[in-house]
Protein chains: 2
Amino acid sequence: MSVHSLKLAPQDCGDCPIRHRAVCSRCDGPELARLEEMKYYRSFQAGQNVVWSGDRMDFVASVVSGIASLTQTMEDGRRQMVGLLLPSDFVGRPGRGVAPYDVTATTDLVMCCFRRKPFEEMMSSTPHVAQRLLEMTLDELDAAREWMLLLGRKTAREKIASLLAILARRDTGLKAKAAKGPISFDLPLTREEMADYLGLTLETVSRQMNALKRDGVVELGEKRRIVVPNFDRLAEETGDDSDGGFLS
Amino acid sequence: MSVHSLKLAPQDCGDCPIRHRAVCSRCDGPELARLEEMKYYRSFQAGQNVVWSGDRMDFVASVVSGIASLTQTMEDGRRQMVGLLLPSDFVGRPGRGVAPYDVTATTDLVMCCFRRKPFEEMMSSTPHVAQRLLEMTLDELDAAREWMLLLGRKTAREKIASLLAILARRDTGLKAKAAKGPISFDLPLTREEMADYLGLTLETVSRQMNALKRDGVVELGEKRRIVVPNFDRLAEETGDDSDGGFLS
DNA sequence: CCTTTCATTTGATCCTGATCAAAGTAATCG
DNA sequence: CGATTACTTTGATCAGGATCAAATGAAAGG
């Protein structure tokens with residue numbers, strides 16, 4: 001069981017992510033009350049599809065627990081993951097009624113949903129909500145562009161290291177870098193999902209994971225447990241600048 | 001000289017893209033008047049840098065004529081283009097003071113700029129401006145994710161075909177698909193820039209361009225002129241679904 | 001507990017695109 | 001106009017990762 005599911009029980013929404021990230025971290029006004037009324041939960045089992053590319057998508061949502069992925073597929077089956085949604089991430093596109101890619105529950109998943117229409121109305125009458133959404137979308141765009149660099153120019157080993165670093169940071173709440181000691185987390189993805197994330201095959205992922213293990217960069221424990229003895233060492237393997245992420 | 005520069009003389013801003021795309025396609029209120037006062041122009045020569053990654057970026061802007069590119073670079077020089085800005089595209093990130101990637105004038109370039117602070121103030125007092133920006137950012141995010149599929153899973157030939165199709169569509173105003181006849185446009189990118197866009201080397205780009213030529217998919221005229229005798233034929237080479245782009 | 005299924009590892013071989021090198025073209029400038 | 005510089009093509013070789021194949025390991029279910 002991933003640590004994520006411990007963050008927040010779906011019944012207890014006092015700390016619901018939508019409140020903190022998606023909508024309004026700055027106020028407690030009537031908008032929030034309206035949102036509270038509107039919201040509802042949906043659960044999915046690991047592997048279950050949330051929406052298919054091309055489907056109508058009449059809601060927006062925030063991930064409460066678990067992990068969802070956005071993937072694009074070509075006719076012949078080649079697949080590329082284009083988004084990985086962790087708890088507190090936002091899904092859905094105000095103003096767009098059709099999903100442009102598949103959304104899948106990678107692990108057991110709980111989402112906090114809002115029907116799209118009323119959410120959009122709320123948005124237009126509440127300026128800073130649109131601004132908050134814009135901010136989040138810009139973050140996602142930054143992430144997508146980082147990801148493009150990874151896909152286009154990094155070696156297989158660098159790709160793997162980058163993904164592990166991203167997951168480690170997310171799972172330990174960004175303080176992984178600061179912490180000097182070893183950190184560990186549960187890999188939420190299969191080799192195949194990692195391959196779809198990285199633009200590789202699962203065989204290459206497996207080989208490179210073991211290469212990193214052989215070189216002492218990571219330890220692969222039981223049941224997908226990953227131990228990173230030295231985060232800086234892992235960061236060196238990513239090919240990124242050491243000072244990544246001092247954006248204002 | 002690219003056809004783009006003919007679209008709009010920078011002095012004549014009655015048709016300034018910022019008006020139509022970036023800010024407000026729905027109104028003519030006082031916001032527009034305020035914007036008109038704020039705006040100013042900047043010109044860059046082909047090859048000139050607009051901002052470096054990590055620089056302060058105190059303005060947002062709309063491309064009036066020419067082409068700008070966003071690129072990310074690794075320490076060892078590997079480069080990946082992560083954005084290609086054509087006329088009417090928006091650059092800049094409300095709320096962020098630092099550029100996360102290099103912005104370069106790929107051709108001679110004219111941008112219509114607004115200082116960031118006053119623009120942001122205008123945004124917060126004018127709800128639908130933030131909404132419009134959100135919409136544009138979502139479009140960019142879609143484009144980025146399409147691009148990720150290209151980088152992660154397409155073959156060199158498919159990558160080239162995809163890029164040519166994108167440029168053809170943009171240059172002919174989306175009606176390329178409908179048009180049954182041959183279409184043509186000027187390639188605004190060198191082989192090296194195409195390579196940076198596609199995650200390839202320039203040699204591979206050159207070879208695949210000539211392969212497409214040999215196979216009659218495109219004709220390479222003088223001075224970077226590209227002729228596409230049959231757009232559907234080109235589209236087949238991209239690996240994309242034939243019905244790409246019926247988003248609501 | 002055994003069977004079935006799914007995930008991962010490992011091996012052998014192949015192929016696409018990278019790399020290294022050089023020649024050919026086109027644009028620029030004194 | 002000739003020389004320099006930038007861009008493009010072409011060739012030869014190499015290597016990283018894909019593909020095909022099979023074995024191993026771990027989880028799930030009757």
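What follows draws every value from the coordinates through simple rules; no lab data is involved. From a predicted model like this one, the values you see are computed outputs, not experimental measurements. Here the Cβ is made from the backbone with ideal geometry for all residues, glycine too, and neighbour counts use every protein chain on show.
Listed from fewest to most Cβ neighbours within 10 Å, the set B:ARG214, B:ARG157 follows the order B:ARG214, B:ARG157.
Averaging the Cα positions of each part gives two centres, and for the range A:195-241 and the range A:45-116 these lie 26 Å apart.
Dipole magnitude for the range A:80-171: computed about the Cα centre from +1 point charges on Lys and Arg Cβ and -1 point charges on Asp and Glu Cβ, it is near 220 debye. Close amide H partners of A:THR106, meaning residues 5 or more places away or on another chain with modelled amide H under 5 Å apart, are A:GLY47, A:ILE67, A:ALA68, A:SER69. Under a 5 Å amide H cut-off, with hydrogens placed 1.01 Å from N, B:SER184 pairs with B:VAL228 among residues at least 5 apart or on other chains. Anisotropy class assigned to the range A:155-236 is prolate, per the alpha carbon gyration tensor with a/c at or over the 1.5 cut-off and a/b larger than b/c. Close amide H partners of B:LEU200, meaning residues 5 or more places away or on another chain with modelled amide H under 5 Å apart, do not exist here. Taking other C-beta atoms within 10 angstrom as a stand-in for reagent exposure, A:GLU236, B:GLU237 fall in the order A:GLU236, B:GLU237, fewest first. Computed over the range A:155-236, relative contact order equals 37 percent, with contacts defined as Cα pairs under 8 Å that lie 6+ residues apart. Listed values for the range B:221-235 are Karplus-derived 3J(HN,Hα) couplings in whole Hz (6.51 cos²θ - 1.76 cosθ + 1.60, θ = phi - 60°), namely x, 5, 6, 6, 6, 10, 10, 10, x, 8, 5, 4, 4, 4, 4, and x replaces Gly and Pro. For the range A:26-143, the Kirkwood radius over C-alpha pairs fed into Stokes-Einstein at 10 °C and 1.306 mPa s yields D = 106 µm² per second. 3J(HN,Hα) couplings calculated from phi for the range B:80-91 with the Karplus curve 6.51 cos²θ - 1.76 cosθ + 1.60 (θ = phi - 60°) are, in sequence order, 9, 6, 10, x, 10, 9, 9, x, 5, 6, 9, 10 Hz; Gly and Pro show x. Starting from the Cα gyration tensor of the range B:99-157, take the square roots of the eigenvalues, sort them a ≥ b ≥ c, and report rounded, prolate or oblate (rounded when a/c is under 1.5, otherwise prolate if a/b is larger than b/c, else oblate). Cα axes put the range B:99-157 in the oblate bin.
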